[in-house]
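Encoded as C-alpha cells, the structure appears first; notes follow it.
The values are calculated or read from the model by the stated rules, or taken from the named source; none is laboratory data. What you are looking at is a predicted structure, and each value in this text was computed from that prediction instead of being measured. Positions of Cβ are generated from backbone atoms using ideal geometry, with glycine treated the same way; all protein chains shown enter the neighbour counts. Ligands, DNA and RNA are stripped out before the accessible areas are found, and what is left, the full protein with its side chains, is counted by its heavy atoms. Shrake-Rupley method; radii C 1.70, N 1.55, O 1.52, S 1.80 Å.
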Amino acid sequence: MEPVPARRWQKVLYERQPFPDNYVDQRFLEELRKNVHARQYRYWAVVFQSGAVVQQLCSVCVFVLTWWYMDAGMLSPQGLFGAALVSSLLGYVLFDAVDGGAGRWESGRTRWDDLKSTLVFAAFTYGFSPVLKTLTESISTDTIYAMSALMLLGHLIFFDYGANAAIVSSTLSLNMAIFASVCLASRLPRALHAFVMVTFAMQIFALWPMLQKKLKARTPQCYVGVTVLFALAALAGLATISSVGAVLFASLLLTISCLCPYCLIRLQLLKDNIHGPWDEAEIKEDLSRFLM
C-alpha cells in the first residue's frame, strides 16, 4: 500500500520534497488529452486535393504518349509544335484572365518580358537541338529508357503537390523531367523532333502546373472540370496503344482520387495520440529579440 505522505506533492523542481524523483500522485492522468492536434478531414475535400496528383500523373502519361507517337512516325514535329503553340497561347490568355491580371501586376513582369524569355528559350533550344540529338549516341537505348523512367518517377516524387514537406523540391522535380525529355528526345529521328520534344516538355512540366495552381486557387469548379477532361484525354490516348494499359492507368487514377481519400478518412478514426504533462516543454514565445 502506498504510504500517505505528510505533505501534498507539488509538480515543481525548485523545492525539496519528501518523495522519490519518479513519484506522481493520482492527479497525474487528469491532464491526459487525446488527439489534441488531429486534423479532421472531409472526403470530398481530400478528393479535391488529390487532383494535383492525378493531373501530374496524366501529364507524364501524355508526355510519354506524345514521344511514342513521334517515334512511331504517327505525329509530325510540325503538328505537335503547332498544337503546343496554340494551347500555350490559350493558356497564357487564361492565366491572366483568371485573376484579372493581378498576379502579373504583383510580379512586375510585362508581356514584352514574357515574349523575350520565350524567344530566347526557343532560339537556344533550336540551336542546341543537333547536340541534344547526338548527346547520348554512345549510351544504349535500354539504358536511356531506364534513366528516363527513373527521372520521371523522381519528378513525380519531388513535385510540389501543395504539401509542406522536406522532400518537396520544385526545381529538382522540373530538372528531372527535362533530363528525361532530353534522354527520350535523343532517340527521335531528327534534330527537329528533339527540339519540339524538349519544348513540349517545358510546356507540360513547367507552364501547365502554373496554370493548374492558379485555377485551383481562383476557380475550383473549373479546376475540377479541367482535371477530369485531362484525365479522359490521357486515358483515350493510352487506349490507342494498349487497352490493358488504359485499364490499369484508370484503376490507378481511381485509387488515388477515390480509394486513398476514403482510407485516409477511415484511418483518422483510429488515431489515438496522447498528450499530457510528460510531453516536452514547447517555447511558443518569440525569442528572436535575444539574438540581436
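Values as computed for the structure displayed
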read-out: Pairwise label distance in nanometres, Asp21 with Arg42, each label 7 Å out on the Cα-Cβ vector; value: 5.1
read-out: Pairwise FRET efficiency - Cys222 versus Leu90, Cβ, R0 = 22 Å, nearest 0.05; value: 0.95
read-out: Fraction of accessible area attributable to carbon and sulfur, the chain (%, probe 1.4 Å); value: 66
read-out: Segment 43-269, dipole about Cα centre (Lys/Arg Cβ +1, Asp/Glu Cβ -1), debye to the nearest 20; value: 240
read-out: R0 of 30 Å, Cβ-Cβ distance Thr141-Leu115: FRET efficiency to nearest 0.05; value: 0.20
read-out: Read-out semi-axes √(5λ) of the Cα gyration tensor in Å, derived from the coordinates shown; its label in (i) 53, 23, 21; (ii) 35, 30, 16; (iii) 29, 22, 20; value: (i)
read-out: Protection-proxy order for peptides 58-65, 140-147, 73-80, each taking the mean of Cβ atoms within 10 Å per residue, highest first; value: 58-65, 73-80, 140-147
read-out: Accessible-area order (highest first, 1.4 angstrom probe) of the listed residues Ile274, Ile265; value: Ile274, Ile265
read-out: Reachable lysines, given that their alpha-carbon falls under 25 Å from the alpha-carbon of Lys133 and they are not under 8 places away in the same chain; value: none
read-out: Chain lengthening between Leu150 and Ala166 when straightened (0.36 nm per residue, less Cα-Cα); value: 3.7 nm
read-out: Accessible area in the full protein assembly, largest first, 1.4 Å probe, for Trp112, Trp67, Trp105, Trp208; value: Trp105, Trp112, Trp208, Trp67
read-out: Angle in degrees between helix 51-71 and the longest Cα principal axis of the chain, rounded to the nearest 10; value: 30
read-out: Helix 170-185 axis, angle to the chain major axis (alpha carbon atoms, nearest 10°); value: 30
read-out: Cα→Cβ-extended label distance, 7 Å offset, between Ser243 and Ile265, nm; value: 3.4
read-out: Structure-based [θ]222 nm, the chain - -39500 (n - 2.57) summed over DSSP H runs of at least 4, per residue, nearest 500; value: -20000 deg cm²/dmol
read-out: Percentage relative contact order, the chain, counting C-alpha pairs under 8 Å, at least six apart; value: 32
